[in-house]
Structure formats: C-alpha cells, structure tokens
Amino acid sequence: MPKKIPFRSYHMVRAGFAKTRVRHEATVAHVLYRSLVTLDTVAKETGATPGQVAIRFPNRFGRLPRVIRMTFNCPLLETRGLTAFYGDFQALYSIDFRIQLNETVAIIGSNGAGKSTLLKSIIGLIRTKAGEIYFNGRNMTRNPAHRIVATGISMVPEGRRLFSSLSAEENLLIGAYNKRQGPWNLGTVYAIFPMLKDKRRVAATALSGGEQQMVAIGRALMANPQLLLCDEVSLGLAPVVVKEIYAEFRRVIANRTTLIIVEQDIMQAMAVSDRVYCMREGRIVLEGRPSELGREELTKAYFGI
C-alpha cells in the first residue's frame, strides 16, 4: 500500500516553497527511502491544480527536509469541456484543447466554426458557461482579460483593431503597458518588421493593410507573452503580404513564443504548425500533425462531407 506523506511534510506547497508540474490524473509512483508515494494522492490532498504540486520529504534521519522536484509533460494551456454562448446561441460545445510550451498549433475551419470564439474565451473576452481553462497549471476560467494578459497571454485580434488616432509606434507602446519582462521591445519588433521603423510616426489609418497587421502583431508581442493568439492574420491581405507575415512567424517562434494560429487558409496554417485542430459548428472534429493528415480527411472534417 502506498504510504501517505504526513500533512506537515507538504504544507509548503501552498506557500510556494517548490512547484512541480504534475496532472491530477497522473498516477506516478516514486520510491524514496523505501517509501512508495503516489503523487495523485498528494495533489488531491493539497488542493493543488495541475502543474502546481510540490513534495517536501524528510531525509533518512528525519531532519533537514529535502525537496524532490518532478516534472511531467503538462500543457502550457489546456481547456476542458469549454462551452460558450452568444445569448441563446451556443457557439462552443465541450471543447478539449491543449498546447505545449514552444509548440505552434493551428485551428482551422470555415466561417462560423467557433475558432475566434475559442480564442476570445481563452483571453477572457467571452465568459464561458461551462468548462475550465488552465494556463501554466493555474485555473484562469473566470479571470478578466487584463489579468490574463498580465499572466502571459496576448492576442492579435481579427481585423487588427488599432487605435486610429495614434501613430504606429504609439500603438506598439500600448502593448507594453503591463511592463512584463521578456525579449520583446521596440528594437526587437522593428528587427522583424523593419518597414515599421520608417513609418513609426505615421498614423495607423495611413498604413497599408499589411503594415497595420504587422503593427497589430508587434503590439501583441510588446506584452512579452508566453502564448500568442493570432486570429485570422491573413484576412483581407494580398498573398505576397501573407507569405511575408508567416515567414516572420518563424522568428517569433525562435524567440520561444508559443503560438495558436486561427486560419481559414489551410496550407498556410499547416506549413508553420506542429499540430492542427479542425473545428466545425462549434466542435473539434479533427486533430493531428500536418504530416499525418490526408487531403481527403481534412476536406471531410472541414466541410462535413
């Protein structure tokens, strides 16, 4: 029988003494000084959420407690049974979604499939009716949008949504209002979008559609997110501009920024992503790696035929 750790041995979990990524449902055993301990029992008894479990063991003499840290493959972001409505209209049906650290995931689907609604639910712009959202192991289902951004999630909204009365650079600086530390600042943004430096004093409304999209992406990056949500970045842009923007996404990924890309252009999305989710009528109907998904399978999932 597994031997439970006395409560005094793991009270430091709540005090943040040490944290270990582990999921509630994980049944993992660790042998320490001939004592077998199940970590899912510890998670349950400490009230910790996935990704927030630490165990403090006494040493063999019962003195000078020793901290054991174990790391498991916990998703950076995970939704469980996420359900959302617009009034009486149900837009999402029990969505289970996950993305790992430093992964790029594309969400594809036709208009009205629920892609943008899923992103808005994650960022806190839409209140969900049921389900849970975990980011870095913390339940943030009911958090307001400004608090979610402060934890490390940023969004490039559909339609860009720039402040028309401000210049390109002023729009970029607004993204840094949280003063979150990280690799992104005006210099690094101008490095991937050098044309914006020449037009930094130009009003946002005077920029081309492609330049406005670059400002929108740069503004989101200025928040130094751990996870970047991109909603329909190719919408209304010329193919050559779309190709240029997607080429720069590779530099964003190189800076250890995890990406969720919502896109109707299947080929563009699959070219940059590690995994793909296909949505239809508010449900996830297909998931897999681009190399494993055939054209016929994608067409059936996308169009429902």
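The values are calculated or read from the model by the stated rules, or taken from the named source; none is laboratory data. Treat the numbers as computed from the prediction; the structure is a model and nothing was measured. Cβ coordinates were reconstructed from backbone atoms using ideal geometry, including for glycine residues, and neighbour counts include every protein chain displayed. Just so you know, the surface numbers come from the protein's heavy atoms only, side chains and all, with ligands and any DNA or RNA stripped out. Shrake-Rupley method; radii C 1.70, N 1.55, O 1.52, S 1.80 Å.
For this structure, a couple of remarks:
- Under the condition of being touching a helix residue (DSSP H, G or I) at 6+ places or on another chain (Cβ under 8 Å) and at pLDDT 90 or above, the residues counted in the range 59-85 number 4.
So that you can scan it fast, the table gives a plain yes or no per residue for (1) at pLDDT below 90; (2) of a type in the set (A, V, I, L, M, F, W, C); (3) touching a Gly at 6+ places or on another chain (Cβ under 8 Å); (4) open to solvent by less than 70 Å² (accessible area, probe 1.4 Å):
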residue: SER94; (1), (2), (3), (4): no, no, yes, no
residue: GLN100; (1), (2), (3), (4): no, no, no, yes
residue: VAL105; (1), (2), (3), (4): no, yes, no, yes
residue: LEU119; (1), (2), (3), (4): no, yes, no, yes
residue: ILE123; (1), (2), (3), (4): no, yes, no, yes
residue: GLY131; (1), (2), (3), (4): no, no, yes, yes
residue: TYR134; (1), (2), (3), (4): no, no, yes, yes
residue: ARG147; (1), (2), (3), (4): no, no, yes, no
residue: SER167; (1), (2), (3), (4): no, no, no, yes
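- Cβ pairs under 6 Å, 6+ apart, first in the range 134-160 and touching a residue at least 24 places away in the same chain (Cβ under 8 Å), second open to solvent by less than 20 Å² (accessible area, probe 1.4 Å) and among the acidic types (Asp, Glu): PRO157/ASP231; GLU158/ASP231; GLU158/GLU232
- Scanning the range 212-240 for residues that are crowded, with 18+ Cβ neighbours inside 10 Å and either in a helix (DSSP H, G or I) or of a type in the set (Ser, Thr, Tyr) (or both) returns GLN212, GLN213, MET214, VAL215, ALA216, ILE217, GLY218, ARG219, ALA220, LEU221, SER234.
- Filter result (over 21 Å from LEU118 (Cβ atoms) and either among the charged types (D, E, K, R) or touching a strand residue (DSSP E or B) at 6+ places or on another chain (Cβ under 9 Å) (or both)) within the range 254-270: ARG256
- Selection within the range 272-300 - more than 19 Å from the chain's Cα centre (by Cα), over 17 Å from PHE97 (Cα atoms) and not acidic (Asp, Glu): SER291, LEU293, GLY294, ARG295, LEU298, THR299, LYS300
- GLU248 meets all of the listed conditions (1) open to solvent by 10 Å² or more (accessible area, probe 1.4 Å); (2) farther than 22 Å from ARG98 by Cβ; (3) in contact with a strand residue (DSSP E or B) (Cβ under 7 Å, 6 or more places away or on another chain) but one, namely (3).
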